[in-house]
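J.: I'd like to ask some things about the structure below.
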Amino acid sequence: MQEYKSIAFDTIEDVLFVVHYTPQPDDADWAELTKFTDTLKGLSAFVVFTFGATVSANQRKDMTNLSDRFGHTLCLLTDSRMTRGMLTALSWFGVKVGAYGPEDLKAALADCDRSHLHDRILKHAKNSLDKARAAEAARGA
């Protein structure tokens, strides 16, 4: 995983996996993610793990551009029930998005036809996921 102050990211096969350490990634870290995605040749899914699930308007635009470029599915794993509800409603209108609880990586990958990557992603991203959970626990303390 490529680690930055507010996010970590990497690809495993054709899945981009992003972990937010803060509710909203800072712009410098997001710019690194954008540079990374500019080098990608193909993408079937964009899996994001976050607590809080907020991005700036520019970050949202970048995600839309990435989706337009690859036509992939966005799978958001978040503890925010409101965000999951809004994304579920968007999916009813044909938007390629899925919303899952923070522990539902297996279901998210199944919906993207990438179940076979579950164990590899968990192993590869373990430190990043642990860091995100610790940061969230510290914010809630």
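J.: Ala137: among the hydrophobic types (A, V, I, L, M, F, W, C) and free of Cβ contacts under 8 Å to residues at least 12 places away in the same chain, yes or no?
T.: In short, yes.
J.: If Lys123 passes every condition in (1) within 22 Å of Ala8 (Cβ to Cβ); (2) modelled with pLDDT of 85 or more; (3) in contact with a strand residue (DSSP E or B) (Cβ under 9 Å, 6 or more places away or on another chain) but one, which one does it miss?
T.: (3)
J.: If you don't mind, there's one more thing I want to ask. Scanning region 35-46 for residues that are free of Cβ contacts under 8 Å to residues at least 40 places away in the same chain and closer than 26 Å to Lys106 by Cα, which turns out surrounded by the fewest Cβ atoms within 10 Å (Cβ to Cβ)?
T.: Ranking the qualifying residues of region 35-46, first place goes to Lys41.
J.: Further, regarding this structure: Does any residue of region 1-14 turn out to be in a helix (DSSP H, G or I) and among the hydrophobic types (A, V, I, L, M, F, W, C)?
T.: No.
J.: Is it the case that some residue within region 48-57 is at pLDDT 85 or above and within 15 Å of the chain's Cα centre (by Cα)?
T.: For region 48-57, residues at pLDDT 85 or above and within 15 Å of the chain's Cα centre (by Cα): present.
J.: Right, here's the next one. Within region 42-98, can you find the residues that are of a type in the set (Phe, Trp, Tyr) and either more than 20 Å from Ala135 (Cα to Cα) or assigned to a loop (DSSP other than H, G, I, E, B) (or both)?
T.: Of everything in region 42-98, those that are of a type in the set (Phe, Trp, Tyr) and either more than 20 Å from Ala135 (Cα to Cα) or assigned to a loop (DSSP other than H, G, I, E, B) (or both) turn out to be Phe46, Phe51, Phe70, Trp92, Phe93.
J.: Being under 21 Å from Gln24 (Cβ atoms), surrounded by fewer than 12 Cβ atoms within 10 Å (Cβ to Cβ), within 13 Å of the chain's Cα centre (by Cα) and not aromatic (Phe, Trp, Tyr) is the requirement here; does Arg81 meet it?
T.: In short, no.
J.: Additional query: Could you list, in sequence order, the residues of region 27-41 that are in a helix (DSSP H, G or I) and either of a type in the set (Val, Ile, Thr) or closer than 18 Å to Asp79 by Cα (or both)?
T.: Scanning region 27-41 gives Thr34, Thr37.
The values are calculated or read from the model by the stated rules, or taken from the named source; none is laboratory data. What you are looking at is a predicted structure, and each value in this text was computed from that prediction instead of being measured. Because the Cβ atoms are built from the backbone with ideal geometry, glycine has one as well, and the counts that use them run over all protein chains shown.
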